[in-house]
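Below is one structure, written out as structure tokens, with a few remarks after it.
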Amino acid sequence: QVQLQQSGPGLVKPSQTLSLTCAISGDSVSGNSVAWNWIRQSPSRGLEWLGRTYYRSKWYNDYAVSVRSRITFNSDTSKNHFSLQMNSVTPEDTAVYYCARGYTGYDHYFDSWGQGTLVTVSS
Amino acid sequence: QSALNQPASVSGSPGQSITISCTGTSSDVGTYRYVSWYQQHPGKAPKLMIYDVSSRPSGVSNRFSGSKSGNTASLTISGLQAEDEADYYCSSYRTSNTLDIVFGGGTKLTVL
């Protein structure tokens, strides 16, 4: 059974960089067919898919258009985790951030989720 | 404003059945069978209940079922139980130059 454990600061200052990590147990960050996603949830924007990273002989990233210019994903196979970095944050980026397992190909759903991290952007 | 439209709330009594609708467009729900539904209890992460319009993950009760007609997908919960009280969200793949996954605004289910 896959488990996702998130870590990272809950408070980030405006204009700075938000960084979160998702540690995977029960699956591999570089596994075939799986993709590792970031999703956020806020009262104003609801659930919003931010993007995904996956490994198919090399690393691929898909980013949502709304955040593409500010977001970066990285993965560490030795630690079996993946991470999110979002720069130039504003109070609009205040949300609960989730990591989630998805798949590539014709599967567009998320069957395992992290516990969520409330990130507040405030000075 | 969310990409997919859901009613803000629905309610039902224990034992009854309820249906939650999710209306999209021909760019998402109307064209693809990649509709999924999530249950979220307060303070918890969403849980996958239905994928690919009508498939149930292992461990999800067969009281939960999904369907689609045109641009509208539906989640039906039969034999309502108190534990079903939660928020429910639909999601769909959307046509785009790049991968895009969109969500509904959520429906609060109250078990009376």
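The values are calculated or read from the model by the stated rules, or taken from the named source; none is laboratory data. Quick caveat: nothing in here was measured; it's all calculated off a predicted structure. Neighbour counts are summed over all protein chains in view; Cβ atoms, including those assigned to glycine, are modelled from backbone coordinates with ideal geometry.
Computed quantities for the displayed model
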| quantity | calculated |
| --- | --- |
| Extreme residue, modelled with the lowest pLDDT, among residues of region A:15-46 that are part of a loop (DSSP other than H, G, I, E, B), closer than 24 Å to A:Thr104 by Cα and small (Gly, Ala, Ser) | A:Ser33 |
| Residue count, region B:65-112 (criterion: outside any loop (DSSP other than H, G, I, E, B), within 14 Å of another protein chain (Cβ to nearest Cβ) and without any contact (Cβ under 8 Å) to a residue 24 or more places away in the chain) | 1 |
| Within region A:90-123, tally of residues that are within 15 Å of the chain's Cα centre (by Cα) and either exposed (fewer than 12 other Cβ atoms within 10 Å of the Cβ) or of a type outside the set (Phe, Trp, Tyr) (or both) | 16 |
| Sole residue being touching a strand residue (DSSP E or B) at 6+ places or on another chain (Cβ under 6 Å) and away from every other protein chain (no Cβ under 13 Å), chosen from A:Leu84, A:Leu47 | A:Leu84 |
| Only listed residue being within 11 Å of the chain's Cα centre (by Cα), at pLDDT 95 or above and over 23 Å from A:Gly105 (Cβ atoms), chosen from B:Ile20, B:Ile50 | B:Ile20 |
| Extreme residue, farthest from the other protein chains (Cβ to nearest Cβ), among residues of region B:54-64 that are surrounded by 13 or more Cβ atoms within 10 Å (Cβ to Cβ) and assigned to a loop (DSSP other than H, G, I, E, B) | B:Arg63 |
| Residue under evaluation B:Tyr32, criteria (1) of a type in the set (Phe, Trp, Tyr); (2) assigned to a loop (DSSP other than H, G, I, E, B); (3) out of contact with any His (no Cβ under 9 Å at 6 or more places or on another chain), criterion not met | (3) |
| Among (1) modelled with pLDDT under 95; (2) closer than 22 Å to B:Ile50 by Cβ; (3) within 14 Å of another protein chain (Cβ to nearest Cβ), the one test that A:Asp111 misses | (1) |
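Each row is one residue, and each column tells you yes or no for (1) under 18 Å from A:Tyr103 (Cβ atoms); (2) touching a Lys or Arg at 6+ places or on another chain (Cβ under 7 Å).
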position: B:Leu4; (1), (2): no, no
position: B:Cys22; (1), (2): no, no
position: B:Gly43; (1), (2): no, no
position: B:Tyr51; (1), (2): yes, no
position: B:Ser78; (1), (2): no, yes
